[in-house]
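For reference, the structure discussed in these notes is given below.
What follows is calculated from the coordinates using simple rules that are stated; it is not laboratory data. As the structure is a computational prediction, the values presented were derived from the model and not from experiment. Every residue, glycine as well, gets a Cβ built from its backbone with ideal geometry; the counts of neighbours run over all protein chains shown.
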Amino acid sequence: MQTRRILTRGLLSASLCATALVAVGVGNAGAVVPGANGRILFTRQLCATDADPCWELVVANATDTQETVVAGPYVRGVFDDVFVANWSPDGRSVIFIADLGAGQAIWQVNADGSGFHQVFTPPTQFLDDGPAFTPDGRWIVFTRCCPRPSGYGLWKVHPDGTDLRVVTTEPVPPNVDGPADNVPQVSPDGRTIVFQHDRPTSPNGVATVNFAGGRLRDLAPADMNSQFPNWSPDGRRIVFQAADEAGIDVWAMNADGTGLAQITSDGISRNPSYSPDGTKIIFSRIMDDGSRDLFTMNTDGTDAVQLTQTASTERFPQWAPAT
């Protein structure tokens, strides 16, 4: 439960001019590999209007008794569809995509709000939301559109902005926005990327592809509108949200698509991810007043505990290892 909030922001005017890169920790630590549970990261929406600067990224301890605003508040137009950020492997900084006045770029900021800097700007075209590190910290995987012959495909680049490489390509039929490969997450062993496979003529899906590239593999059933996948820290399970006529709920399946299981059945739970120790799932739930708060639960859906209690909207939580 939230009892105290620290508003720590880097000076944006100085940050936009910063060029020095903050070092990324390399090792076997990260929210998708085993470890002790550390801090949480999430997006907060403070108002309902697109014109007001009310979108921000928040870092807090696991009980949300202390918060730090590390980026924002921004207007809605700085991101594309979803304002999703991810931890660095050492749990000391976060990355996200935003257009802060000079076009879309990948940005990085320390968990205390310092060291705000630009990591990468595409040479042509534009980026999409939700970049993610590999567990060894050597690469950032993200969505880029639309260098021919690809639409919204996955790409990778080193954290210093060098060695840009394509991972997936997507055909772009005439007058069709998609398909698209979005919000990627890399498996704990670094070999596989899971992502949201947006399909313009059928429900969205969850798919995987080898990190080196190749043919993608759709996992979730074709009739499920499945989104926002995340790995378990042992790499054996994938948690995601799926929508039907009853609403949106949390689901999980094995890494090969078998063992599909519904975790929640209230129709108001979404944006799940695992804790680093693999015992919990953190997620967002719609409240009676229309706002969204963060909860944790056991991996089987039992013992739900509310973390945030605000009139605002909290989304897309990610859990870092203890540093």
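Annotations
- Paramagnetic label zone (point 7 Å from Cα along Cα-to-C-beta, Asp52; backbone N under 14 Å) in segment 296-323: 311-313
- Mean separation of Cα pairs under 8 Å and 6 or more residues apart, divided by the residue count, gives the chain a relative contact order of 17 percent.
- Taking 0.36 nm per residue of separation and subtracting the current Cα-Cα distance, fully stretching the chain between Asn61 and Glu245 would add 62.7 nm.
- When Tyr152, Tyr74 are arranged by Cβ crowding within 10 Å, least crowded first, meaning fewest neighbours, the order is Tyr74, Tyr152.
- Antiparallel DSSP beta bridges within the chain, percent to nearest 5: 95 percent
- Rounded is the label for the chain, because a/c, from the alpha-carbon gyration tensor with a ≥ b ≥ c as root eigenvalues, stays below 1.5.
- Dipole of segment 218-323, positive direction: furthest Cα of Pro276, Thr296, Gln306, with charges on the beta-carbon: Pro276
- Cα gyration tensor shape of segment 133-237, rounded if a/c is under 1.5, else prolate or oblate by comparing a/b with b/c: oblate
- Charging the Cβ of each Asp and Glu at -1 and of each Lys and Arg at +1, and nothing else, the dipole of the chain about its Cα centre rounds to 760 debye.
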